Amino acid sequence: GAGVSQSPSNKVTEKGKDVELRCDPISGHTALYWYRQRLGQGLEFLIYFQGNSAPDKSGLPSDRFSAERTGESVSTLTIQRTQQEDSAVYLCASTATGLTYNEQFFGPGTRLTVL
Amino acid sequence: GQQVMQIPQYQHVQEGEDFTTYCNSSTTLSNIQWYKQRPGGHPVFLIQLVKSGEVKKQKRLTFQFGEAKKNSSLHITATQTTDVGTYFCAVPGDSSYKLIFGSGTRLLVRP
């Protein structure tokens, strides 16, 4: 079956504009994660969704960042009033159940450049 | 919170040489996962280790989990140019669902 997909693959925006990034997880995967990866750096946890439970938003760096997920389907990550330090690759991953024993399947990422 | 140290930060080897990356935790781990990220790509799961002292092999890759379950290593024998990429370890964080990724070891292979 299809893997995790993300869109757009690249996004260039001007400082101050809002952007919306989309993630389509693997069908049937209940858990979905968003990560941020700055150039040459590791993965920084942003937010976690599990089914209809309240999301873990503890990794969101500021109130300009928000994310939504409807049930066990698509998720969107929104960054308002983008800043240059938001430039990074935003990765989405899904897992079957969300436990740390599960393999995380990553999407190809969205490369965000804020001018 | 949980942290994991990964070393070295990068390594440049001649094709055919061996390569090892290490992950160290200050606390006992229930499990550890390893991922590979090719340049310009996304992380791809390689393996998970769960048992104390566990050793798993995938062709030229050997993964070890320490006896105390606080450290792990990934060893590549006779590197090839296809091994180029960044290797990350990932350990459970402060919840049942959160993974903490190491900073990664970037491997460069000279042909």
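Give the residue, chosen from A:T82, A:T97, A:T76, that is loosely packed, with under 14 Cβ neighbours inside 10 Å and among the β-branched types (V, I, T).
When all the criteria are applied, what remains is A:T97.
Name every residue in the stretch B:78-106 that is within 18 Å of B:K57 (Cβ to Cβ) and either open to solvent by less than 60 Å² (accessible area, probe 1.4 Å) or at pLDDT below 95 (or both), in order of residue number.
B:A78, B:T79, B:D83, B:Y87, B:C89
Need the failing condition index for B:K51 against (1) modelled with pLDDT of 95 or more; (2) open to solvent by 80 Å² or more (accessible area, probe 1.4 Å); (3) out of contact with any helix residue (DSSP H, G or I) (no Cβ under 9 Å at 6 or more places or on another chain); (4) away from chain A (no Cβ under 14 Å), just the number.
Every listed condition holds for B:K51 apart from (4).
Taking A:L43 as meeting all but one of (1) surrounded by fewer than 16 Cβ atoms within 10 Å (Cβ to Cβ); (2) within 16 Å of A:Q104 (Cβ to Cβ); (3) of a type in the set (A, V, I, L, M), write down the number of the exception.
Only one criterion in (1) surrounded by fewer than 16 Cβ atoms within 10 Å (Cβ to Cβ); (2) within 16 Å of A:Q104 (Cβ to Cβ); (3) of a type in the set (A, V, I, L, M) is unmet by A:L43, namely (1).
Taking the options B:N31, B:N71, name whichever one is open to solvent by 50 Å² or more (accessible area, probe 1.4 Å) and of a type in the set (S, T, N, Q).
Unique residue meeting the criteria: B:N71.
Give the residue, chosen from A:T70, A:T13, A:T30, that is modelled with pLDDT under 95, surrounded by 14 or more Cβ atoms within 10 Å (Cβ to Cβ), of a type in the set (S, T, Y) and on the phi < 0 side of the Ramachandran plot.
Going through A:T70, A:T13, A:T30 in turn, the sole match is A:T30.
For every residue, the table says whether it meets (1) in contact (Cβ under 8 Å) with a residue 24 or more places away in the chain; (2) acidic (D, E).
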{"position": "A:E44", "(1), (2)": "no, yes"}
{"position": "A:L60", "(1), (2)": "no, no"}
{"position": "A:S66", "(1), (2)": "no, no"}
{"position": "A:T78", "(1), (2)": "yes, no"}
{"position": "A:T95", "(1), (2)": "yes, no"}
{"position": "A:G98", "(1), (2)": "yes, no"}
{"position": "A:E103", "(1), (2)": "no, yes"}
{"position": "A:T110", "(1), (2)": "yes, no"}
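The values are calculated or read from the model by the stated rules, or taken from the named source; none is laboratory data. Since the structure is predicted, the reported quantities are computational estimates derived from the model, not experimental observations. Quick reminder, even Gly has a Cβ in these numbers, built from the backbone with ideal geometry, and neighbours come from all protein chains shown. Accessible surface is based on the protein model in full, side chains and every heavy atom, while ligands, DNA and RNA are left aside. Shrake-Rupley method; radii C 1.70, N 1.55, O 1.52, S 1.80 Å.
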